[in-house]
Amino acid sequence: MPDITKFNCFSRDLATKKHDLSADVFKLMLTPVLPVAANSVYSDVSAGELATGFGYTAGGQIAVNSGIILTGAVTKWNLQNPLWTFTGAAGTFRYAILYNATQTSPLYPLIGWYDYGSVITPGSGDTFTETFNAAGVLTVT
């Protein structure tokens, strides 16, 4: 499971209350296009996303919030692992992009992306699960 690479805007957006990690809805989208760290909103990356069909819906899957946990001096933000079940050739992807699907100003700010290291080509009946880091999607120490 790869580690998240944060978009440049994420720290600023978090500090200016653009993300409520305990209440907002977060989504994970799949794309074959390498994200750029300077991207800041969903529309910056959506053109490269897999199209709706064969078990994938444009916009991606909701990554259900599992909560924020404080252990000693470490705070961890956890999400449940989204799962796709493909019913045909949905296309190829290498990256998964996490974004805030609640925030409207800016519209759907980006958080970070995962690089799987090589192209993934799911076929009919295949499943794909993003397994978030057990130590937390994000940690603050």
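Residues with amide H under 5 Å of residue 53's amide H, sequence separation 5 or more or different chain, H placed in the peptide plane at 1.01 Å from N; which?
58
Mean-square fluctuation check for the chain, GNM, Cα pairs under 10 Å: which of 108, 116, 42 is largest?
Most flexible of the set in this elastic network: 116.
How far is it, in nm, from the label point at residue 62 to the one at residue 25 when both lie 7 Å from their Cα along the line to the Cβ?
The two pseudo-label positions are separated by 0.6 nm.
Quick check on the chain: what does the Kirkwood estimate of hydrodynamic radius come out to from the alpha carbon pairs, in Å? Don't skip to the answer; put the middle values down first.
Numbers: mean 1/r = 0.0651 Å⁻¹.
Kirkwood hydrodynamic radius for the chain: 15.4 Å.
Is it possible to state the helix-based mean residue ellipticity at 222 nm for the chain, with each DSSP H run of 4+ residues giving -39500 (n - 2.57), the sum divided by total residues, to the nearest 500 deg cm²/dmol? What is it?
On the way: 1 runs with 7 residues, N = 141.
It comes out at -1000 deg cm²/dmol, rounded to the nearest 500.
Mind listing the long-range amide H neighbours of residue 120? Cut-off is under 5 Å, sequence gap 5 or more, other chains count too, H placed in the peptide plane at 1.01 Å from N.
Answer set, sorted by chain and number: 93, 94.
I need the phi-derived Karplus couplings for the range 52-67: 6.51 cos²θ - 1.76 cosθ + 1.60, θ = phi - 60°, integer Hz, Gly and Pro marked x.
Karplus values, whole Hz, x for Gly and Pro: 4, x, 6, x, 10, 10, 3, x, x, 9, 5, 9, 4, 5, 9, x.
How many nm is it between the label spots at residue 133 and residue 43, if each spot is 7 Å from the Cα in line with the beta carbon?
3.2
FRET efficiency for residue 75 and residue 34, Cβ-Cβ distance as r, R0 = 30 Å, nearest 0.05?
Details: r = 30 Å, r/R0 = 0.99.
That pair, residue 75 with residue 34, gives E of 0.50.
With θ set to phi - 60° and the Karplus curve 6.51 cos²θ - 1.76 cosθ + 1.60, what are the ³J(HN,Hα) couplings of the range 86-95 in order, to the nearest whole Hz, using x for Gly and Pro?
In residue order, the calculated couplings are 8, 10, x, 7, 6, x, 9, 8, 9, 10 Hz.
Can you run phi through the Karplus equation (6.51, -1.76, 1.60; θ = phi - 60°) for the range 11-24 and list ³J(HN,Hα) in whole Hz, with x for Gly and Pro?
Each residue's phi maps through the Karplus curve to give 4, 5, 5, 5, 5, 9, 6, 7, 10, 10, 5, 9, 10, 6 Hz.
Show the residues, 5+ positions off or on another chain, whose built amide H is closer than 5 Å to the amide H of residue 137.
77, 78, 79
We did not get these values from a lab; they are worked out from the coordinates using the rules stated. Bear in mind that the values here come from a model prediction, so they are computed numbers and not experimental data. As a convention, Cβ positions derive from the backbone with ideal geometry for all residues, glycine included, and neighbour counts pool all protein chains shown.
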